[in-house]
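Just so it is clear, none of the values below were taken in a lab; they were calculated from the coordinates. All of these numbers come straight from a predicted model, not from anything done at the bench. Note that we place each Cβ from the backbone using ideal geometry, even for glycine, and neighbour counts take in every protein chain shown.
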Amino acid sequence: MPNPSLRVLATFRHWGTALPVWSGRLRKEYWPLAAQNIRAQGGRLLALWGEDRRTTEAGYLVHAAFLSETGIVRTEMIVDPATAAYPSLAAIFPGALRMERALYDLLGIRATGVNDTRPWLRHAAWPADQFPLRTDFSGEGLDIAADRDYTFLPASSPDTHEIPVGPIHAGIIEPGHFRFQVLGEEILHLEERFGYTHKGVERLFQGLDVAAGGAHLAGRISGDSTVAYAWSYAQAVEQIISMQMPERAQWLRALCLERERLANHLGDLGAIGNDAGLAFALTQFQALKEDLLRENQHYFGHRYLMDRVLPGGVAFDLTAAAIAALQGGGQALKTAVGRLQEILAEHGGLRDRVVQLGVISPERAAHLGLMGVAGRASGQAWDLRVQFPHIPYDQLQVRMATATEGDVAARMAVRFLEISESLRLQEEILQKLPDGNIYHPLDLRDAAGEGVGWVEGWRGEIFFWLRMEQGNIRHCRPQDPSWTLWPALEEAVLRDIVADFPLINKSFNLSYSGHDL
Amino acid sequence: MTALLLEVAQVLLVAFLAPLFAGLLRALRAILQNRRPAGCWQNYRDLYRLFHKESLQAEGTSWLFRFAPYGIFGAFCLAAGIIPILATGLPLAPTADVIALVGLFALARVFQVLAAMDTGTPFATLGAHREMLIAGLAEPALLAALFTASLLSRSTSLSVIVTHLEQLRFALHPSMVFAAAAFFMVLLAENARIPVDNPATHLELTMIHEAMLLEYSGRHLALMEWGAQIKLVLYVAIGIALFLPWGIVPTAEIAALPLTLLALLLKFAAAALILALVETLLAKLRLFRAPEFMATAFLLGVIGLLSFFMLGA
């Protein structure tokens, strides 16, 4: 239940869900007040998005989701189409700024009270006076051009040197632009520019049927987090149709999520080592990751577990033989990772590179509202599996991995801890896996309403909001933790040198696709 | 006449076997890292491919950009004629002593750096700055190591140094041990190897040597890459000449050539193995640790010099 001072501002009702979600509609003048209240209680912003409700409610609806100690507080407010403006939350939650800029690009409603009115997701792909999420968006005259007129922060002195990096990089990574201002090698300022992988995901979802099209797309928002997205999407659907999930399916979903975490953490640790010039780490961790992916292919049916989690259940089942094999694989992985951890911990050259590099202090992390691996490495003890466990995590007693140094080494340490914890969870899930169905057909006749999904993905919390009408998707909003974490990267690199940026960046390893939507 | 033939043979041998040595190094590194190597001949395939591709000239660049690959390649080929690799007393050997040789390497570097700055791109400029940072510190260390050997043999000519050192046979000179350590560190730094630079990286922001080549393509890039491979071989050859000279004979003793070649083969193979080990075991240094690394090399070189004066050996 939200605290009393928040309940004064609006009526909050509990959504019928396994997750603790309270939802309430605010008047426009209470919008910043509620956010201030939540901030004062130690909460943070999860997501801010909007939808066009001019036909049904005579206005645009702006949503925000906050995380507080009692769960998710979801607020909404009607924005008058005549003014198309609402008060900004950027002064309270720094992460809100980019979400509000993106909201203007997509829906054409402006947050007031901030000076930064530059586009965020919009490049030159559609005209500045058109807004893709409005129902009357024609979809004509679309282009694929990148924005050439974007104004970056001007250099502060004639001595500073500007280095533009990307969006095309020398390695095989996603596109993003980084504008450095350096003095010699020292980074004075970093400004990010994204939107190069904007695919119109929110618009693509509209009108899709829930079972096939929606689930398919949800699993492809950010490929490295396909399980987390698919599961949070499934949660939202199941909440709307008030469906009880077969328990075995829930356990198998958790197994998928932990394996996704394992695969990504293994890959990241290798990549961090490689960026420090230690190719040994890369090849060793790559080999371990590859073994894991092949197990995935063999026993689950997909290397990255895409389309394994569906609304209504899962698309695979494990035989007793498969369970035994996975247990054996888990044991072998545990031994191998343990040895690698020892080697890396004693490698002076690597330690010298990662310790005290890219530091985000716990105070700054709290201010920026960091979550996930990066947050826990900076002392932000949030882990949904621990604080708000749903089935099966409520029976597994997840141990949270934290560190307080906030440097690259701490983010590596958290990953190592989470690998061993995920291996323990996998072992326990495989042992305790309940019998029963793995799939329950959906009864979608005239399903309507709003639902929320919320899963602790490997990078951080994946949040999914969904509105259904007549059994189809009306609107949805997937939220990647990268929205909040990208600004932290800008801060983490300050006072470090340009040559160390790739290493710091890799220690965060944020999603472009999940952010650009 | 034999001397002239030997001279030509040595330059050709160095030029055409340099990709093989670099390829062997790559293959050994791959094996040490549990990867399947592309084979020792991969560098030849790469060079062949590049020579058959179009060379694009970066927009706004001058003649320097086009000339640099030839200048650099030429400088290294000339150096290949001066260093006693197959034999001492080659016709070109008197043209340059160790100081001039270091100058020849510096000339190639100046061309490389100027050409990189000519492109005006931030990465190339960044790479050029870093190259000069490393080079400015590597050069004194290199000279200190070379001078130690010069003092021992009372000459700055490599040919004379080798002849002299060879006659000393297996006596352990403390000064030369220090000089060898210093030289090895310089070799790593000058050839863009780990721990100073990472030749295999794709991260444009961390590159030193590679960053300067980003705008090159086709045969220009091929010459730059080939030049770098020759440079690596030359440094190893200098190291062999100074610290393991046994087997390098005067030009007159042509009959010993097969034995010389065999010894050379073994020495280069050992060098490749050592380099591959170092590059597998070490991580790359923080950029600002590289000056400390070079300072250590310089210090070792100076200790080598001092120990010669104090111990006379």
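Taking neighbour counts of Cβ atoms within 10 Å as a proxy for exposure, in what order, fewest first, do A:MET412, B:MET117, A:MET77, B:MET1 appear?
With the fewest neighbours first, A:MET412, B:MET117, A:MET77, B:MET1 line up as B:MET1, B:MET117, A:MET77, A:MET412.
With a Förster radius of 22 Å, plug the Cβ-Cβ distance of B:HIS52 and B:HIS202 into 1/(1 + (r/R0)^6) and report the FRET value to the nearest 0.05. Please list the in-between numbers first.
Numbers: r = 23 Å, r/R0 = 1.05.
Between B:HIS52 and B:HIS202 the formula returns 0.40.
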Subject >> ³J(HN,Hα) computed for each position of the range A:190-201 - Karplus, 6.51 cos²θ - 1.76 cosθ + 1.60, integer Hz, glycine/proline x >> reply: 10, 10, 9, 9, 10, x, 5, 10, 5, 10, x, 4
**OP:** Name all residues of the range B:200-214 having a backbone nitrogen under 18 Å from the label point set 7 Å from the Cα of A:ILE172 along its Cα→Cβ direction, giving them as ranges.
**Re:** B:200-204
**OP:** Report the full-extension gain for the segment A:VAL386 to A:THR112: residue separation times 0.36 nm, less the Cα-Cα distance, to one decimal in nm.
**Re:** 94.9 nm
**OP:** Starting from the Cα gyration tensor of the range A:4-123, take the square roots of the eigenvalues, sort them a ≥ b ≥ c, and report rounded, prolate or oblate (rounded when a/c is under 1.5, otherwise prolate if a/b is larger than b/c, else oblate).
**Re:** prolate
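How much mean residue ellipticity at 222 nm does chain B get from its helices, if each DSSP H run of length 4 or more adds -39500 (n - 2.57) and you divide by all residues, to the nearest 500 deg cm²/dmol?
-24500 deg cm²/dmol
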Original post:
If r is the Cβ-Cβ distance from A:ALA448 to B:SER217 and R0 is 45 Å, what FRET efficiency results, to the nearest 0.05?
Top reply: 0.15
Subject >> Built amide H within the under 5 Å cut-off of A:ALA47, gap 5+ >> reply: A:ALA65
Subject >> Net charge of Cβ neighbours under 9 Å - reference A:GLU490; Lys, Arg +1; Asp, Glu -1 >> reply: -3
Original post:
Can you pull out the trypsin sites (Lys or Arg not before Pro) in the range B:163-242 that DSSP calls coil and that have at most 14 other Cβ atoms within 10 Å?
Top reply: B:ARG169
Original post:
At what distance in nm do the modelled label points of A:ALA124 and A:ALA324 sit from each other, each positioned 7 Å from its Cα along Cα→Cβ?
Top reply: 6.4
Subject >> Mean separation of Cα contacts under 8 Å, 6 or more apart, over the residue count of chain B: relative contact order % >> reply: 31
**OP:** Give me the distance in nm between label points sitting 7 Å out from Cα along the Cα-to-Cβ direction at B:ASN34 and A:THR83, one decimal.
**Re:** 6.2
Original post:
What length, rounded to one decimal in nm, is gained on full extension from B:ILE99 through to B:ILE254, with 0.36 nm per residue of separation minus their alpha-carbon distance?
Top reply: 52.9 nm
Subject >> Rounded to whole Hz, the Karplus (6.51, -1.76, 1.60) HN-Hα couplings of the range B:302-312, x for glycine and proline >> reply: 5, 4, x, 4, 4, 5, 5, 5, 7, 9, x
**OP:** Taking amide H positions as placed in the peptide plane 1.01 Å from N, state which residues far from A:LEU188 in sequence (5 or more) or on other chains have amide H under 5 Å from it.
**Re:** A:GLN181, A:VAL182, A:LEU183
Subject >> Contact order normalised by residue count of the range A:219-516, Cα under 8 Å, 6+ apart, percent >> reply: 27
**OP:** Would you mind computing, in nm to one decimal, how far apart the modelled labels at A:LYS432 and B:VAL8 are, each placed 7 Å from Cα along Cα→Cβ?
**Re:** 8.2
Original post:
How crowded by other chains is A:348-361, given as the mean number of beta carbons from other chains within 10 Å of each beta carbon?
Top reply: 2
**OP:** Would you mind checking which residues have amide H under 5 Å from A:ARG53's amide H? H placed 1.01 Å from N; only 5 or more apart, or other chain.
**Re:** A:GLY59, A:TYR60, A:LEU61
Subject >> Segment A:ASP209-A:ARG7, extension gain: residue separation times 0.36 nm, minus the distance between their alpha carbons >> reply: 69.1 nm
Original post:
Can you flag which of A:LYS506/B:LYS53; A:LYS289/B:LYS53; A:LYS199/A:LYS506; B:LYS53/B:LYS284; A:LYS199/B:LYS53 are past 29 Å Cα-Cα?
Top reply: A:LYS506/B:LYS53; A:LYS289/B:LYS53; B:LYS53/B:LYS284; A:LYS199/B:LYS53
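Rounded to the nearest 0.05, what FRET efficiency do B:TRP41 and A:HIS14 have when you use their Cβ-Cβ distance and R0 = 60 Å? Don't jump to the answer; show the numbers that get you there.
Numbers: r = 69 Å, r/R0 = 1.16.
The computed FRET efficiency comes out at 0.30.
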**OP:** Please compute the net charge surrounding B:HIS220, taking Lys and Arg as +1 and Asp and Glu as -1 over other residues with Cβ under 12 Å from its Cβ.
**Re:** 0
**OP:** Would you tally the net charge around A:LEU208, using a Cβ to Cβ cut-off of less than 13 Å, leaving A:LEU208 out, and scoring K and R as +1, D and E as -1?
**Re:** +1
Subject >> In sequence order, calculated HN-Hα J values of the range B:76-90 (Karplus, 6.51, -1.76, 1.60; Hz; x Gly/Pro) >> reply: 6, 5, 5, 4, 5, x, 8, 6, x, 9, 8, 7, 8, x, 5
